[in-house]
1. State the percentage of accessible surface on segment 24-122 attributable to carbon and sulfur atoms; use a 1.4 Å probe and exclude ligands, DNA and RNA.
2. Classify segment 41-83 from the C-alpha gyration tensor, please: rounded if a/c falls under 1.5, else prolate or oblate depending on whether a/b exceeds b/c.
3. Using the C-alpha atoms of segment 37-118, what convex hull volume per residue, in cubic angstrom, is computed?
4. What is the sum of charges, Lys and Arg at +1 and Asp and Glu at -1, for the other residues whose Cβ falls under 14 Å from the Cβ of Glu35?
5. Enter the accessible area per residue of segment 49-93 (Å², integer; probe 1.4 Å; all protein chains in place).
6. Work out how much length Trp26 to Thr102 would gain on full extension: take 0.36 nm times their residue separation and subtract the Cα-Cα distance, in nm to one decimal.
Amino acid sequence: MTPPPEPNPTAGEAAFMAELRRLKAWSGLSYRELERAAAAAGEVLPYSTAATMLRRDRLPRETVLVAFVVACGLGAEAVRPWVAVRRELVMGPVPAPAPQPTVPVRRSPLRLALVTAAAAVAVLAGAGASAIGAVSVQEEQTVEDVRHP
């Protein structure tokens, strides 16, 4: 027996429905037999719903699709691609993220000079602050002698 058809997300709704018709033909079941097979699998699929679904080129509700695919004899793993393709057809393909344009970084000579000057000022200011706070050893001894005679 040939394998069941696979859904094609790029083909559109009408092609998806044609694949569902092929799946029914592959199963070899009548609409009444599909109803019983769905019930045996714990799904609800009235024969009239299945017949109406396959006469149209509109996508079925997801619950009807799942019941139909299971009734046709496919397992849970085989249902997932059908549901995924249906969702993609309903919502449209997920757009790929747009590439971010690369902007060349230009370093102006003036900016570089300003950054260098600011860094130099910061270094000198830090050195000056530490020089102001520095106390010689002799000054420390003098202060110590005054505190503890």
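1. With neighbouring chains kept in place, the figure for segment 24-122 is 62 percent.
2. oblate
3. 164 Å³
4. Values: positive: Lys24, Arg32, Arg36; negative: Glu33, Glu43.
Taking every other residue near Glu35 into account, the sum is +1.
5. Value returned for segment 49-93: 53 Å² of accessible area per residue.
6. Taking Trp26 through Thr102 to full extension adds about 22.1 nm, to one decimal.
The values are calculated or read from the model by the stated rules, or taken from the named source; none is laboratory data. Please read all numbers here as calculations on a predicted model, not as lab measurements. We place every Cβ from the backbone using ideal geometry, glycine too, and count neighbours over all the protein chains shown. When the accessible area is computed, the model is the full protein with side chains, heavy atoms only, and any ligands, DNA or RNA have been set aside. Shrake-Rupley method; radii C 1.70, N 1.55, O 1.52, S 1.80 Å.
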